[in-house]
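The values are calculated or read from the model by the stated rules, or taken from the named source; none is laboratory data. In this text the structure is predicted, and so the values were computed from the model without any measurement. Positions of Cβ are backbone-derived with ideal geometry, glycine not excepted, and every protein chain shown enters the neighbour counts.
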Amino acid sequence: MLLGSAVMVAAALVTALAAAPAAADFRICNLTKSRVGVALGYKDAEGWATEGWWNLPTGNCETLMRGTLAARFYYIYAIDYDRGGEWSGPAFMCTRDKEFTIRGTGDCLARGFDKTGFFEVDTGEQQTWTVQLTETGEAAQRPTVPGPPTGPSPGPRPAAPLPGSPTR
């Protein structure tokens, strides 16, 4: 893992945005005071895949997947480049230090990759979704976008396998 056993120093606020016909995407916004690196995990017609890294300066948003969302569940891992810490979770997938697209979630270490914990994002089958990465304690101070209610911030949960993936 890039940060080893670094403690999570921030929370993520996940917000569903009203679907707009021309803007159906999966986006992530960096609302922290740091530069952030983001990796994405998802399942498509070929199986599980992870991709990274998107580098987001403070206050910027990036589209990770363009078009109407094809899946309900997506997985995010993000690191704070400036102050350390991570946004992570119990869904383990493969990553590496440099830019990557990796197929499959099993045997990460044996295949020469890092085994990294991602947090789950349930889009509720919306056509578009935005994840907002925020500092701990600042999420309540940020205005929410009109539309569906915001979901809970990812937090520590018992480890669980990815939906449809083999138990390791």
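Quick check on my filter: what residues within segment 57-85 are part of a strand (DSSP E or B) and either at positive phi or touching a residue at least 60 places away in the same chain (Cβ under 8 Å) (or both)?
Cys61, Phe73, Tyr75, Ile76, Ala78, Ile79, Asp80 - these are the residues of segment 57-85 that are part of a strand (DSSP E or B) and either at positive phi or touching a residue at least 60 places away in the same chain (Cβ under 8 Å) (or both).
Report the residue count in segment 26-47 for those that are surrounded by 17 or more Cβ atoms within 10 Å (Cβ to Cβ), in contact with a strand residue (DSSP E or B) (Cβ under 7 Å, 6 or more places away or on another chain) and either outside any loop (DSSP other than H, G, I, E, B) or not hydrophobic (A, V, I, L, M, F, W, C) (or both).
Of the residues in that region, 14 qualify.
Please work out if Ile102 is within 16 Å of Thr130 (Cα to Cα) and assigned to a strand (DSSP E or B).
No: the conditions fail for Ile102.
With respect to the numbered conditions (1) at pLDDT 95 or above; (2) closer than 22 Å to Asp25 by Cα; (3) among the hydrophobic types (A, V, I, L, M, F, W, C), which one is the sole condition not fulfilled by Phe92?
Result: Phe92 passes all but (2).
Hey, could you check segment 48-67 for residues that are more than 14 Å from Cys29 (Cα to Cα) and loosely packed, with under 15 Cβ neighbours inside 10 Å and say which is nearest to the chain's Cα centre (by Cα)?
Only one residue fits best here, namely Arg66.
Here's a check for you: in segment 105-146, which residue that is in a loop (DSSP other than H, G, I, E, B) and among the acidic types (Asp, Glu) is modelled with the highest pLDDT?
My answer is Asp107.
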